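The numbers here are math on the coordinates, done by the rules we state, and not lab data. Keep in mind it's a predicted model, so treat the numbers as computed, not measured. All Cβ positions, glycine included, derive from the backbone under ideal geometry; neighbour counts span all protein chains shown.
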Amino acid sequence: MQGNLREFNIRSILQFIELEQHTGTLYIEYESFPYPGNLKSNLIPLSTENTDCSLENNYHNRIWLLYFLNGKITYATDNNYDRLSRIRDYISYFKLEECLPYLQKISVNITSPKEYSYIWLLIQQKLILPHQAKIIIKNLIKETLLELSDLTQGKFVFQTDSPLSPQWDGLNTSVLVQETFGQLQLWKQFYPYIQSPHQYLILSEEKQIYRNVSFKTYKTLSIWAEKKISLLRLSRQLNYSLVYIAKALYPYAKKGWIKLVEGEKKLIVNTVLSKNTTQPHIVCIDDEMTIAKNVEYILKQRGYNSTIINDPIEALTTILQVKPDLIICDLDMPQLNGYELCNMLKISRTLRSIPIIVISEQENCLTRLRAKILASTNYLSKPFTRNELLILVERCLSIGKMNNNSLSFGRSSPMKSVL
């Protein structure tokens, strides 16, 4: 199930997942990166709390992941989750600062999001109670839904998959959606004085505030302004809804005593052709020639035909000419990264059936899941061995052969299915 948010709104997608009682992952991507060459984007970047996240690469997209079990939401996050700032805020609310040093020492399995795994490990270590963990997870889901509720551009993919582990029952999707959309309507009444959950306050008329509010209120506002704490973080640390926080600040903002401002944003061919037509043809796209040549050497030793492309901008043209049986693509390339390239391949009717192996130095759950959803067949982490590469190559060639056989009998590709 996949589509564009201009055709299907967030609410209808969530209702469909709940109605069908699906288990899996909803991937939503808002494209805000500058396209190379003559390709242009008409999308406006969303405001973000801090785009300086653990995914240190060249794409500037905003990504959300929502996990479901039998139609119920079990967890929701975005591509900032590795920073664990959300957990730290809730730990502050529960006054469980002894958990903070422990977070630095925990080693988690990358098959589940790090933030989610940390919560469950803290439960196992009896550092937080189960009901506290449920409050944290519920609030993480609600703030993610609130951010998504007004999104009208971007793309989505729902992939049926095994549930997150450890597993729990989840929250009623329709109830959360109704509550979130109600909060959104209330939030809009604070425009234009308060516009984004990621704004923080500054005291523009400090004397007026001092004269007209209690000393306790003045001191609280001063601390928030000095620390530049966003409204979203305040809602976590106080365990109040965003609407409640905004409603409390709105009278002061309307009088001009305080102003809400955004935090500083940080943005995070050479071709060789073989003539042996009896063997599968493999294209390797990597801007690092050392790695590309090493891959080419390994493939030639096994008898495969190979084409090396070290300019990702030229990759699509070359692939259309070569029509390979398999593509090996680096994710971390300048100008046009592997995510963008995989997406372009998926859109092309001619190329979408070609299996893809993506390679990257980034070893985390989001990187793997994003690569998987963007039509890649498998993932290989750098540095990799000769045997690891060949095992994946042979596996993917087998999958590609089976897909081609299926297409020859008139079966439709699963990537074409939409709501």
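What to note about this one:
- Pairs spanning more than 25 Å between alpha-carbon atoms, out of K114/K247; K216/K259; K134/K227: K114/K247; K134/K227.
- Out-of-range pairs (alpha-carbon distance over 18 Å; input K72/K346; K72/K142; K188/K254): K72/K346
- Highest mean packing comes first when the peptides 296-307, 201-212 are listed by Cβ atoms within 10 Å, giving 296-307, 201-212.
- Neighbourhood net charge (13 Å Cβ-Cβ; Lys/Arg +1, Asp/Glu -1) for P163: -1
- Spatial separation of Cα centroids for segment 279-357 and segment 180-230, in angstrom: 51 Å
- The modelled label-to-label distance between I223 and Q321, using points 7 Å beyond Cα along the C-beta direction, is 6.6 nm.
- Applying 1/(1 + (r/R0)^6) with R0 = 51 Å to the Cβ-Cβ distance of A133 and Y297 gives a FRET efficiency near 0.55.
- Net length available on complete extension from N387 to E314 is 23.4 nm, with 0.36 nm assigned per residue and the Cα-Cα distance removed.
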